[in-house]
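Could you have a look at this structure, given as structure tokens, before my questions?
The values are calculated or read from the model by the stated rules, or taken from the named source; none is laboratory data. Bear in mind the structure is a predicted one, so any value in this text is a computation, not a measurement. Cβ placement follows ideal geometry from the backbone for every residue including glycine, while neighbour counts extend to all protein chains displayed.
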Amino acid sequence: MQLLPKLDPYALRTNVRTERRILVVDDEPEPLRAIARILRHAGYTVTTSDDAQTALRGLSRGHFDAVVSDISMPGLDGISLLRGVRGIDPEVPVILLTGVPAIETAMQALDHGAYKYMVKPVNPEQLLEVAARAVRLASLRRGDVEQMPASARLFYPTDGHATMKRALEHLRLVFQPIVRRDGSLFAYEALMRCSMPETVSPDTLIEMATNLNSLKELGRRARGLAAASFSSQQPVDTLFVNIHPTELQDDELLDPQGALLRHARQVVLEITERASVRNISNLQQRMDELRAAGYRIAIDDLGAGYSGLTSFVLLEPDIVKLDMTLVRDVHRQEVKQRLVRSVTKLCAELDITVVAEGVETCEERAVLMDLGCNLFQGYLIARPGAPDRPYFW
Ligand code: G
Ligand code: MN
């Protein structure tokens, strides 16, 4: 007998899909069963496949919130599967598992935007944590309200635009120093904060703006504030300004009347790796225009993985910022050390400066220096705050 699915009144009202579907791929039956069991127990709807070709066919038919796949499989391997998945569904996070961690596959996984690279046998708790985050990310990318954090849900389905307007009015910037190897100040990164009565994290703000089609407004407001910091009481010299890939298309960046253009030579535009730059039309031309105007370009969060190393080719950055997941405990983890070393080596050859961000301990800093990072940023040195404060070195 086929049971009717249980009806969830909230789901009906908001037209939200509550089922979370994960596709698991492994050519070996034992791990395949084990992983599927762990995920099913946690309430996911799991589809299994013992080869990547079949998995890809399943993926083009059905809607999945995450894919968990082994890397080494006969025929199509996990990396090829990852590439195939990207062609079918650019939003779905892919978690890759390997029995034999190797620098080449880790780099390839990074390059093709794997969500996470995990070593087998996986710890069930860790897998569930990663899966939960991946599934949440997928639904956020799809604009699924139900999966948003409570703070973001505040804005739905009430008047989101009014709240967004209020958020923009309460927008402010904090500044975090970026320091050279010799401890001298290189620049500040401007970071958004929103001080409404209800605390809203910058990520929530960006999610909200994305869903309300207000990214342009948010970016302009933030850039206006950033421009003001060049003529404040403690004027900054060089400023890193975060910009969302879609903002690259905003002509205001190149408008002589716009906020930032007149300071372009002092500005490094940080383009996050967390969103894809592949869909930006005329990207190359736009990058050339921005560079001609004097802006420097940085890739932010490298290693957090969306488009991976392809952004080197697409953006031709002056500066690359290693994501803090690569920085965290780098002194204890050899794979991270090797990844950082390959990035700094590549960057040295390409004349790209490497910033290690999110540095929290002296041990991390020492190893990152040895590995060839040029600039350092993180709580160890200073928390984000007003510019011109003393920092630790
Ligand atoms: O994506 P982006 O790299 O721009 O994000 C930087 C965020 O990380 C900011 O919100 C900032 O407050 C935070 N941050 C800065 N330094 C550190 C650090 O050393 N550790 C942690 N956990 N977060 C940091
Ligand atoms: Mn940044």
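In segment 186-211, how many residues are crowded, with 17+ Cβ neighbours inside 10 Å and either among the aliphatic types (A, V, I, L, M) or at pLDDT 85 or above (or both)?
Total satisfying the criteria: 13.
Condition first: in a helix (DSSP H, G or I) and either under 19 Å from Phe175 (Cα atoms) or in contact (Cβ under 8 Å) with a residue 60 or more places away in the chain (or both). Now tell me which residues in segment 196-216 satisfy that.
Pro202, Asp203, Leu205, Ile206, Glu207, Thr210, Asn211
Output the residues belonging to segment 340-351 that are away from ligand 1 (no atom under 16 Å from the Cβ) and either on the phi > 0 side of the Ramachandran plot or in contact (Cβ under 8 Å) with a residue 40 or more places away in the chain (or both).
Ser342, Asp351
Sticking with this one: Would segment 89-111 turn up any residue that is at pLDDT below 90 and among the hydroxyl-bearing types (Ser, Thr, Tyr)?
The answer is yes; a qualifying residue exists.
Among what's in segment 316-339 and is more than 16 Å from ligand 1 (Cβ to nearest atom) and farther than 21 Å from Pro93 by Cβ, pick the residue that is modelled with the lowest pLDDT.
Glu316
Right, something else. Is there a residue being touching a Leu at 6+ places or on another chain (Cβ under 6 Å), among the hydrophobic types (A, V, I, L, M, F, W, C) and within 16 Å of ligand 2 (Cβ to nearest atom) anywhere in segment 317-325?
So far as segment 317-325 goes, yes, one or more of its residues are touching a Leu at 6+ places or on another chain (Cβ under 6 Å), among the hydrophobic types (A, V, I, L, M, F, W, C) and within 16 Å of ligand 2 (Cβ to nearest atom).
A further question follows. Could you check, for segment 217-240, whether at least one of its residues is without any contact (Cβ under 8 Å) to a residue 12 or more places away in the chain, out of contact with any Ser or Thr (no Cβ under 9 Å at 6 or more places or on another chain), outside any loop (DSSP other than H, G, I, E, B) and closer than 27 Å to Leu137 by Cβ?
No: segment 217-240 contains no residue that is without any contact (Cβ under 8 Å) to a residue 12 or more places away in the chain, out of contact with any Ser or Thr (no Cβ under 9 Å at 6 or more places or on another chain), outside any loop (DSSP other than H, G, I, E, B) and closer than 27 Å to Leu137 by Cβ.
OK, next. Looking at segment 19-35, which of its residues are more than 15 Å from Val135 (Cα to Cα) and out of contact with any helix residue (DSSP H, G or I) (no Cβ under 6 Å at 6 or more places or on another chain)?
Within segment 19-35, Asp27, Glu28, Pro29, Glu30, Pro31, Leu32, Arg33, Ala34, Ile35 meet the criteria.
Let me ask something else. Which residues, counting only those in segment 241-255, are part of a loop (DSSP other than H, G, I, E, B), within 13 Å of ligand 2 (Cβ to nearest atom) and farther than 18 Å from Thr210 by Cα?
Passing the criteria: none in range.
Scan segment 280-295 residue by residue and report those that are in contact with a helix residue (DSSP H, G or I) (Cβ under 9 Å, 6 or more places away or on another chain) and either of a type in the set (S, T, N, Q) or within 14 Å of ligand 2 (Cβ to nearest atom) (or both).
Residues satisfying the conditions are Ser281, Asn282, Gln284.
Please go through (1) surrounded by fewer than 21 Cβ atoms within 10 Å (Cβ to Cβ); (2) at pLDDT 95 or above; (3) within 24 Å of Gln108 (Cα to Cα) for Glu270 and return the number of the only condition it doesn't satisfy.
So Glu270 meets the others, but not (1).
Restrict the check to segment 273-285 and report whether at least one residue is under 21 Å from Leu137 (Cα atoms) and touching a strand residue (DSSP E or B) at 6+ places or on another chain (Cβ under 6 Å).
Yes, segment 273-285 contains a residue that is under 21 Å from Leu137 (Cα atoms) and touching a strand residue (DSSP E or B) at 6+ places or on another chain (Cβ under 6 Å).
Run down Thr238, Thr204 and say which single residue is touching a Phe, Trp or Tyr at 6+ places or on another chain (Cβ under 8 Å) and within 27 Å of Pro177 (Cβ to Cβ).
Result of the check over Thr238, Thr204: Thr238.
Right, something else. Give the residue, chosen from Leu212, Leu218, that is within 16 Å of ligand 1 (Cβ to nearest atom) and touching a helix residue (DSSP H, G or I) at 6+ places or on another chain (Cβ under 7 Å).
After ruling out the rest, the residue left standing is Leu218.
While we're on this one: What's the total number of residues in segment 34-55 that are farther than 16 Å from Ile71 by Cα and either without any contact (Cβ under 8 Å) to a residue 12 or more places away in the chain or surrounded by 15 or more Cβ atoms within 10 Å (Cβ to Cβ) (or both)?
The number of residues fulfilling the criteria is 11.
Tell me, which strands (runs of 3 or more DSSP E) lie completely within segment 61-130 with 3 or more residues that are buried (at least 22 other Cβ atoms within 10 Å of the Cβ)?
Ranges flagged: 66-70, 94-98.
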